[in-house]
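Here the structure comes first, spelled out in structure tokens, and everything after it is commentary.
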Amino acid sequence: MKKALITGIAGQDGSFLAEFLLSKNYEVIGLAKKEFTTSENIENIQDKIKIINGDVADFDSVLKTVKDIKPDEIYNLAAQSFVADSWNNPSITAQCNALGPVNILESIKRESPNTKFFQASTCEIFGKPKDSPQTEETAIHPITPYGIAKLYAHLMVETYRKNYGVFASCGILFNHESERRGKQFVTRKISNSVASIKLGLLDHIELGNLNSQRDWGYAPDYVKGMYLMLQQEKSDDFILATGKPVKVRDFCNIAFLSAGIELEWEGSGLEEKGIDKKTGKTLVKVNPKFFRPTESNIYVGNPQKAETQLNWKREVSFEQMVEKMVQHDLELLKK
Ligand code: GDD
């Protein structure tokens with residue numbers, strides 16, 4: 001039986017990956033901070049996994065965990081993952097997102113050199129990308145504290161791979177969402193608000209940059225890509241993406257349609273509004289509070305390398321994903 005250690009096991013990706021690896025007959029051990037060990041994401045698998053309280057930012061606890069367990073595979077999914085928050089908490093972001101992965105790599109090098117390592121890297125390392133769609137060769141120049149911290153980790157993975165022979169792969173992950181996405185992220189904020197508006201629990205939703213385009217896939221498809229990266233002969237970096245950019249505004253259109261509401265848009269800039277075509281009521285407004293100091297307006301990834309070399313396939317389309325998220329939030333709120 002193979003042993004996998006998942007950091008951030010209680011999060012969206014960690015919990016989906018744990019379920020997937022259990023279905024492949026792995027022994028699954030999670031490293032999670034105390035406050036996350038009772039997350040509802042892992043409620044249904046609590047008796048099938050082992051949880052160790054720990055923090056990737058604490059080198060001693062990581063070293064001890066790796067030494068004690070000597071896992072076949074480590075998936076590093078622990079992160080301060082909210083880009084907007086990285087301006088308010090740049091130091092915590094760096095400790096977790098930059099130094100955390102290095103703590104794991106160094107522990108593997110010292111105590112368990114046969115362990116294979118997956119690092120959740122991100123399209124945020126491209127900053128304002130020079131190519132479209134982005135590939136594994138696109139120039140890297142992050143512009144957010146989050147992206148800069150993730151880039152440090154990204155390059156350290158390459159360093160440990162090249163200089164110490166550690167099997168270490170980065171998934172350059174584009175946005176991936178699900179019913180388990182945190183409500184601070186725009187997709188879940190929208191699906192949850194659409195459900196609340198539909199049930200008469202909320203008047204309208206306030207958003208930031210409606211023109212921002214992201215490449216949104218379904219998280220359970222992405223964790224399969226992570227697994228595939230560690231089943232290869234050689235470690236390498238792979239983009240996981242759909243290749244289809246969608247604007248925040250269009251995400252709203254599709255999410256509201258899933259609840260039977262057709263939107264039309266009026267005005268521009270701060271005055272832009274999404275209006276219910278049937279009733280004339282304003283359901284979406286712009287609030288500058290949700291703007292970021294700087295960001296890329298368009299991320300779109302080319303997943304060809306993962307598709308051809310890993311045989312990575314996505315099973316859930318963008319439209320199906322939005323539908324699932326809205327229906328899930330409607331069910332939750334009805335309860
Ligand atoms: N969160 C949020 N809230 N974002 C908004 C809002 C709002 O009210 N209005 C517009 N947006 C825009 C943001 O400006 C951004 O351009 C886009 O919606 C997506 O924002 P998020 O959902 O917060 O995700 P992200 O793209 O910043 O980061 C996510 O994807 C990265 C790439 O995979 C996170 O999961 C990162 O951890 C990840 O690296």
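Provide, as a two-decimal number, the C-alpha radius of gyration of the stretch 1-127 over 2.2 N^0.38 Å, N being how many residues it has. Walk me through the intermediate numbers first.
On the way: Rg = 14.1 Å, N = 127, 2.2 N^0.38 = 13.9 Å.
In units of the 2.2 N^0.38 Å rule of thumb, it is 1.01.
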Query - Reachable lysines from LYS198, criterion Cα separation under 17 angstrom, eight or more residues apart if same chain - result: LYS189, LYS277, LYS278, LYS281, LYS285, LYS324, LYS334, LYS335
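Ignoring ligands, DNA and RNA, please state the percent of accessible area on the chain from carbon and sulfur, probe 1.4 Å.
On the way: 7270 of 14890 Å².
Here it works out to 49 percent.
List the chymotrypsin sites (Phe, Trp or Tyr not before Pro) within the stretch 216-293 that fall in a DSSP loop (any state other than H, G, I, E or B) and whose Cβ has at most 16 other Cβ atoms within 10 Å. Let's see the in-between values first.
Values: sites: TRP216, TYR218, TYR222, TYR227, PHE238, PHE251, PHE256, TRP265, PHE290, PHE291; in loops: TRP216, PHE291.
When the chymotrypsin sites (Phe, Trp or Tyr not before Pro) of the stretch 216-293 are filtered for loop state and at most 16 Cβ neighbours within 10 Å, PHE291 remain.
Which value does Rg/Rh take for the stretch 228-308 over its C-alpha atoms, Rh per Kirkwood? Intermediate values should be presented prior to the final figure.
Values: Rg = 18.7 Å, Rh = 16.0 Å.
Using only Cα positions, Rg/Rh for the stretch 228-308 is 1.17.
Compute and list, largest first, the equivalent-ellipsoid semi-axes of the stretch 122-187 from the alpha carbon gyration tensor, each √(5λ) rounded to a whole angstrom. Mind dumping the intermediate values first?
Values: eigenvalues 110, 52, 27 Å².
Here the semi-axes work out to 23, 16, 12 Å.
If you roll a 1.4 Å probe over the heavy atoms of the protein chains, what accessible area per residue do you get for the stretch 43-163, in Å²?
Values: 5460 Å² over 121 residues.
Averaged over the residues of the stretch 43-163, the accessible area is 45 Å².
Label the stretch 194-335 by shape, choosing from rounded, prolate and oblate, from the square roots a ≥ b ≥ c of the eigenvalues of the Cα gyration tensor; if a/c is under 1.5 it is rounded, and otherwise prolate applies when a/b is larger than b/c, oblate when it is not.
Prolate shape, in that a/c is at least 1.5 and a/b is the bigger ratio.
How big is the Cα convex hull of the chain in projection, averaged over all directions, in nm²?
Working: hull surface 66.2 nm².
Taking a quarter of the hull surface, the average projection is 16.6 nm².
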Query raised in the report: Just the accessible area for TYR160, please: 1.4 Å probe, Å², rounded to the nearest 10?
Result: 20
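Quick test of the membrane-span-like rule: which DSSP H helices of the chain reach at least 20 Å along their long axis (C-alpha atoms) with mean Kyte hydropathy at least -0.5? Before the final figure, lay out each step's value.
Numbers: long enough: 145-164 (28 Å, -0.43); 318-334 (24 Å, -0.33).
Once both thresholds are applied, what remains is 145-164, 318-334.
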Report task. Would you mind checking the pairs LYS2/LYS109; LYS24/LYS247; LYS3/LYS33; LYS2/LYS162; LYS116/LYS183 and listing those with alpha carbons more than 27 angstrom apart? Result -> LYS24/LYS247; LYS116/LYS183
Report summary line: Counting only protein heavy atoms and rolling a 1.4 Å probe, one gets per residue an accessible area for the stretch 188-270 in Å² of 37
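Taking a ≥ b ≥ c as the square roots of the eigenvalues of the Cα gyration tensor of the stretch 80-158, is the shape rounded (a/c under 1.5), prolate (a/b larger than b/c) or oblate?
Details: a/c = 2.97, a/b = 1.35, b/c = 2.19.
In terms of gyration-tensor shape, oblate.
Counting only protein chains, not ligands or nucleic acids, how are ASP131, ASP68 ordered by accessible area (probe 1.4 Å), most first? Could you put the intermediate results ahead of the total?
Details: ASP131 65, ASP68 100 Å².
Ranked from most to least accessible, the order is ASP68, ASP131.
Out of the GluC sites (Glu not before Pro) in the stretch 207-268, which ones are loop residues according to DSSP with at most 10 other C-beta atoms within 10 Å?
Details: sites: GLU233, GLU262, GLU264, GLU266; in loops: GLU233, GLU262.
Counting only loop positions with at most 10 other Cβ atoms within 10 Å, the GluC sites (Glu not before Pro) in the stretch 207-268 are GLU233.
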Requested in this report: If a/c stays under 1.5 just call it rounded; otherwise compare a/b with b/c (prolate if a/b is bigger, oblate if not). Do that for the stretch 264-335, with a ≥ b ≥ c from the square roots of the Cα gyration tensor eigenvalues.
Outcome: oblate
Requested in this report: Per residue of the stretch 116-121, in order, report the coupling 6.51 cos²θ - 1.76 cosθ + 1.60 (Karplus, θ = phi - 60°) as ³J(HN,Hα) in whole Hz, putting x for Gly and Pro.
Outcome: 8, 10, 10, 10, 7, 8
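The values are calculated or read from the model by the stated rules, or taken from the named source; none is laboratory data. Quick caveat: nothing in here was measured; it's all calculated off a predicted structure. Here the Cβ is made from the backbone with ideal geometry for all residues, glycine too, and neighbour counts use every protein chain on show. Note: areas computed on protein heavy atoms with side chains; ligands, DNA, RNA excluded. Shrake-Rupley method; radii C 1.70, N 1.55, O 1.52, S 1.80 Å.
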